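Notes follow once the structure below has been shown.
Coordinate-derived values only; no laboratory data. It should be emphasised that the depicted structure is a prediction, and the values quoted were computed from it without experimental measurement. Methodologically, a virtual Cβ is constructed for each residue, glycine included, from the backbone with ideal geometry; neighbour enumeration extends over all protein chains shown.
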Amino acid sequence: MDYAANIAQLRAQIEQHNHRYYVLDDPSIPDAEYDKLFRALQALEAQHPELVTIDSPTQRVGGAPLKAFAEVHHRTAMLSLNNAFSEEEVRAFDTRIREALDVTEVEYAVEPKFDGLAVTLSYRDGVFVQGATRGDGSVGEEVTENLRTVQSIPLRLTEAIHDVEIRGEVLMFKRDFAKLNEAQRAKGEKEFVNPRNAAAGALRQLDARITASRRLSFFAYGMGICEGVVLPGQHHLQMDLLRQWGVAVTRQRRVVRGVEGLLAYYREIGTQRAALPFDIDGVVYKVNDTLLQQQLGFVSRAPRFAIAHKFPAEEATTTLLDIEVQVGRTGALTPVARLAPVFVGGVTVTNATLHNEDEIRRKDLRIGDTVVVRRAGDVIPEVARVVLERRPADAREFIMPPVCPVCGSQVAKLPDEAVWRCTGGLYCPAQRKQALLHFASRRAMNIDGLGDKLVEQLVDAHIVKTPADLYKLGLLAMINLDRMGEKSAVNLLAGIEKSKHTTLARFIFALGIRNVGETTAKDLAQHFGSLDNLLAADLERLQQVRDVGPVVAQSMADFLAQAHNREVIAQLRVAGVQWAEHDRQVATTLPLAGQTFVLTGTLATLSRDEAKEKLEALGAKVSGSVSKKTNYVVAGAEAGSKLDKAQELGVTVLDEQQFLALLEKEGA
Ligand code: IVH
C-alpha cells in the first residue's frame, strides 16, 4: 500500500471540504463523514510520523480567515479537543488521566458540547473591546462589531477586570433558526442546512446589521488570558465567576466523579438533547482542578485534560438504491427509498418514506444518487437532501407507475391532492391486507393475535378477502398455514369470537372508511344510534352529525353507495357481530345526553377507555379537562389536579362505586 499517496489524497479531500465549510459556508458532506476522513488521516499519520508535514490539516484547527476581515493573532492559542465516540474511548481517557496523575478517582467538570462556532472575547477594564473567531487556532478573524449584536455577550462585565479573554461558542437557537428559514422561504431565498451553518453565515457578515437581524446566542466554556483577578482553582468555579460577571454560561453543566459519573452525564444529556433550545453534538469532560490540568498539559493542539464525547451522528450519506412504491389501506401510493444500509442516529437504516411524488421532485432525488439521511432522536429516518456533486451519470429519474404495483388497477390523483391512489379498492390485495389489519386493530374490533404475517398469508392464499371472511375461518384452514401451531390457531379463533361483542362506534371505525377516524365513528354511532339508521342516511342527514363536514359526509356516502360494502356489513351481522343499539335517531334522547364527564385517576374495575365507551354509549360527552360546564368528575385511585379543580369549582365528584351505580341505573 502506498501510504504517502494515500495521505496526500486524504489531505486534498479534507482541504477541499475545509474550504467549502469555513470559507464558502456551503458544506457538501455531513460532519460525520468529514470526521471519518480526518480520523483516517490522523491514524495514517500516527503510523507514519515521518510523513507528517506542517501543512497537514491535522496540524491546524480550522480554515483560512476571510480576507475582508482584519486578522487577530490570539494571545493564547485557541485549542481543539480530542474526540471519543464510544464508552471504551471514554474509559481509556479516564485511565490515562488517573495513571498520569497517580490517583484512584478524578473529579470532572462536564458540559454540553455546543454545536456552534468558537470565539474569543477580549475585555479591558471590564469593557468588551474585541471579538474574534478561532480561525486556525493562532490567527482568527476580527468580528467585534458582529459579536456586539449578540445579546448574550455583555458589552461590560459587572466587574472591571483588567484584562481577560473569555472563550465560548456562538450559536443559533433552534427557534431563531426556524424563524430565519421561514423568512428565507418567504423571500424565495435559499434555506440554511442547520443552525450551525446559519450561525456561521451570520457571524461572517461584513454588515453587522444583517448579523443583528439573525439573532445569535453565546455560551462561555473557558478563559484565555486573565489578569487583574485571582481565579479559583476549579473549572466549574471559574464558570460560576463568569456567570457572576454577567456572561452566559449553560445551566446544563455539572461536577461528577469518576468515569461512571461521566457516562451517567452523557446519558442524562442524551435524553434531554431533543428538548434543548440549541443543538449540541456531544458533551465535554474536563478535569476540574486547574493545577491538575496544567500538570497534564497538551498533546499537539488539544489539551490532555479534556475530551469531547460525541453523540452518534444524526446525518450520514448513503446510496439511494431504488425507489419502490407501497400501497396503503386507502390505496395511497407511497414511494419508499431503499437505501444501502447506513448507521445513523444510533440505528441502521435501510429504507425511508419519501411521502409522495412532489416530495421527490422537490428534493430532486434520482435513483443512484448519494443522499444525506437524517435521524434525530427517536424521529423516523428521512432523506434530507441529495449530494449533487456525487450524482452518477446513469442516475435515473423516478416515474410513478401508471398502474397499482400490487393489483394492476389504474392509479388516480385528485386535483387538490399530492398522492396518487390505486382505484382497485378491496380488489387490491395490498389494500385488503391493510384494511384487515385495521379492522382487527386494538381500537377497532380488537382481535388478539391477528398480526401482519398472518394477514399476509390469509390474503395471499385467497382464504380471506373481506373482514366477514375472518368469521368464517375454521381450525383446519388455519393449521395449514405456515408457522401456525394448533394452540395459536385456537387462541386466534377465540380472539375472533370475542370480537363479535363490540360497540357500534368500534364497528363503524373498523370498516376503514376514508376520513372516518375514531372520533367521527363515535359521533356517527351516537347520532344514529343504530346501524340501520346509519345505512339509511343520505348525504344531507350525514351532514347533520356534529363535527361532520361535507368531505367526511361524502366519503361516508360513497362508501355506502357501494353494494359490495353493504354486502360485507350484512355478512358481518349474519356472522354474529353485535353491539347494544339504541334505536333512537337523535342522541338527545339517550339517558346521559348533554352531560359532560371528566375521568381522573385509576379505576379498579374498568380501564379509562372502557369507562369512556360506556359513558358515550349512554350519550354523555367525556372531556379531558374540568371546567364550570363539567357535570361530573369520576375520581379513581391517585386522582390528581383534576380532582382539586373539581372541588374548587364545586363540580360533583363520583367515586368508583357511585360511578358504577350510575352506569347500572342508566342501563350500561
Ligand atoms: S473547551 C481547552 N468546552 O469544541 C479546550 N469546547 O472540538 C477548549 N466546544 O473549539 C475547548 N462546546 O468550539 C470546550 N463545553 C465546551 C465546548 C467546546 C463546544 C467546541 C469549541 C472547540 C471545539 C473543539
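Quick notes
- The value of relative contact order for the chain, using C-alpha pairs under 8 Å at least six residues apart, is 8 percent.
- Cα gyration tensor, the stretch 415-523 - rounded (a/c under 1.5), prolate or oblate: oblate
- Of all DSSP beta bridges in the chain, antiparallel share, percent nearest 5: 85
- Beta bridges assigned by DSSP with both partners in the stretch 546-668 are antiparallel in approximately 10 percent of cases.
- For the stretch 76-81, Karplus couplings with θ = phi - 60° (6.51, -1.76, 1.60), whole Hz, Gly/Pro x: 10, 4, 8, 8, 10, 10
- Sorted by Cβ density within 10 Å, fewest first, the residues Val139, Val255, Val170: Val255, Val139, Val170
- Ordering of 650-661, 212-223, 146-157 by packing [mean C-beta count within 10 Å, highest first]: 212-223, 146-157, 650-661
- Our note on the geometry: Cα centres of the stretch 529-556 and the stretch 336-368, 40 Å apart.
- Cα gyration tensor category, rounded, prolate or oblate, for the stretch 510-668 with a/c compared to 1.5: prolate
- Here Tyr471 and Arg251 are evaluated by their C-beta separation; at R0 = 45 Å the FRET efficiency comes out at 0.15.
- Those lysines that a straight Cα-Cα span of less than 17 Å connects to Lys363, excepting residues fewer than 8 apart in one chain: Lys190
- Cα gyration tensor, the chain - rounded (a/c under 1.5), prolate or oblate: prolate
- Per-residue extension of 0.36 nm, minus the Cα-Cα distance of Glu268 and Thr319, leaves a gain of 15.0 nm for this segment.
- 3J(HN,Hα) along the stretch 146-152: 5, 5, 4, 7, 7, 4, 7 Hz, from the Karplus curve 6.51 cos²θ - 1.76 cosθ + 1.60 with θ = phi - 60°, whole Hz, x for Gly and Pro.
- Pairs from Lys487/Lys614; Lys174/Lys621; Lys522/Lys629; Lys413/Lys612; Lys179/Lys286; Lys187/Lys310 whose Cα-Cα separation, in the structure shown, is over 29 Å: Lys487/Lys614; Lys174/Lys621; Lys413/Lys612; Lys179/Lys286; Lys187/Lys310
- Between amide H atoms placed 1.01 Å from N, distances below 5 Å from Gln234 occur with Thr290, all of them 5 or more places distant or on a separate chain.
- Between Gln647 and Phe343, the contour length at 0.36 nm per residue exceeds the alpha carbon distance by 104.1 nm.
- The HN-Hα couplings worked out from phi for the stretch 283-300 by the Karplus form 6.51 cos²θ - 1.76 cosθ + 1.60 (θ = phi - 60°) are 10, 10, 10, 10, 4, 6, 6, 6, 5, 5, 4, 4, 4, 6, x, 10, 10, 6 Hz, whole numbers, x standing for Gly and Pro.
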